[in-house]
1. Would you tally the net charge around Arg324, using a Cβ to Cβ cut-off of less than 14 Å, leaving Arg324 out, and scoring K and R as +1, D and E as -1?
2. Amide H neighbours of Tyr237 under 5 Å, at least 5 residues apart or on other chains, H built in the peptide plane: list them.
3. So if R0 is 35 Å, what FRET efficiency would His82 and Cys239 give, r being the distance between their Cβ atoms, rounded to the nearest 0.05?
4. Order 299-310, 343-354 from most to least packed using the mean count of other Cβ atoms within 10 Å.
5. Need the full-extension length gain, Asn286 to Ala407, defined as separation in residues times 0.36 nm minus the C-alpha distance. One decimal, nm.
6. What FRET efficiency, computed as 1/(1 + (r/R0)^6) with R0 = 41 Å and r the Cβ-Cβ distance, is obtained for Thr259 and Gln118, rounded to the nearest 0.05?
7. Quickly rank 38-51, 95-108 as a protection proxy: mean count of other C-beta atoms within 10 Å, highest first.
8. Which net charge results when you count Lys and Arg as +1 and Asp and Glu as -1 among the other residues whose beta-carbon is under 13 Å from that of Leu167?
Amino acid sequence: MASSPTPVVNAAAAAAVGNPTKNGEFMGITILLLDELDSVIHGFIPANRANHYRSSLRTGSIVRLDRFDVARVGHTYKITEHQYVIRFIPSTRVVEVQTDAPVIKMDKFMVRRYEQLQVLANTSLELPDVVGEIKSVQGSDLKNQTARSRVVVRLLIEPNMTVFMSLWDEAASAFRGLLKAGDKSQSVMLVTTVNPKLFGGNLYLNSTQGTRFFFDTSISEIAEFVSSIGATPPQDYTCVDTLERVKKKELVSIGDLNTFISNSNEQTQEADFLCKAQIIGVIQENGWFFVSCTGCHKKLEKRGTSLDCSRCATSDVTGVVRFRVELAVDDGKDSTTFVVFDKEMNKLTKQEAAVLALDEVSNGGEEYLPSCLEELAGKEFVFQIRVTPFNFTPNHRTFTVATISEASETHSENSGVDTGLEASSSGPSVLGVKISEERASGNNPGNEGAQQRRKRGRE
């Protein structure tokens, strides 16, 4: 960190970007400062000084800033191209310029194109901005702007190039407010501070705490985008509110699930299904646990000797071990992979992933499959499957399990009643699952055939 006795920014337009948190704890205020030369720099106010300066920071105000520290920007999560950051200290002064204020632009963006986003994906180097045309929107309770659950936006960012953008928390709430108040014919928008990710060869964009939305057609980046895709007026986009979808959960086969994925024209839809299948075994290729962020539960990424959370956009995170188990399943006709996460695996195994992982460390770090997971082979359950846009990627054919119940429970394909699975967020505890010794030992002819089909499918 470098500083001078009285460094000064003679005039700056302050624009709030976000309030970073760690494990839910407020860390400070992040701002962008623009000057009359059209330069932009990142500013940060620590939490212990946030209340002192908050009233002095109004978006678009012209201020004189002096007595601050200057430090080099970190190598991750950059929000500007400037190599330095202004840090507020106890002696920092912020004075609004009331007269003879210079003319300063209200905004400056760090827009990246598709090729650049691909290069930045999974690196956490930048949180760039992107311009695109909304093609469709999906989420639960879209008319409720206080809702903070995920909203998925299908965004055309270049001619014939569409990506999925996931909006979370404050960004999801703000976007719902725009949907409620806005005109859907205004479909071209500029989105700031997104985190690009590549999965299965496909590009995805995730919102961060600094994500904001702009629809003003006078913004040069928006005007250039409209020109690049042609003079045709943007089309109204569709909104799919999953809260309003049919509540009935159908009992389907694995083949039906694959058919639904293959035949679906609208790749942003979600649906719930029940599928009765037998567990053939645990697929160990990708392990059976992961380390997640304690703040948002997203998988932490290892960078050198540290762990980073791409969603929380901070390098200072703590992690916890959670289940992520890939189950090879078979329904007697087809086989596939079901992915089960921490909550349901805790119910199935009566064990915590952190404890089992500690046992692995105690054994010298040698990878092994815990016996409670091995014992799942041969058992039959009814799985509630949540089909999301994630399942529509060309290289992706696993299904995420929402809840699990015993196969002995009554599920009627024709009645539309699903026993014990209506509470999708909690689901029933799986207790006393009994499988005959003949099936568990693999002597059941149907089980043997299923295992052979699974083996052929993986060859």
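1. That works out to -1.
2. Those lying under 5 Å, H to H, from Tyr237: there are none.
3. FRET efficiency, His82 to Cys239: 0.40.
4. Those peptides, ordered most packed to least, come out 343-354, 299-310.
5. Once the chain is fully extended between Asn286 and Ala407, it gains 40.9 nm.
6. About 0.85, to the nearest 0.05.
7. Top of the packing list down: 38-51, 95-108.
8. So the environment of Leu167 carries a net charge of +4.
Just so you know, all these numbers are worked out from the coordinates, no wet-lab data involved. Not measured: the values here are computed from a predicted model. All Cβ positions, even for glycine, are placed from backbone atoms using ideal geometry, and neighbour counts span all protein chains on display.
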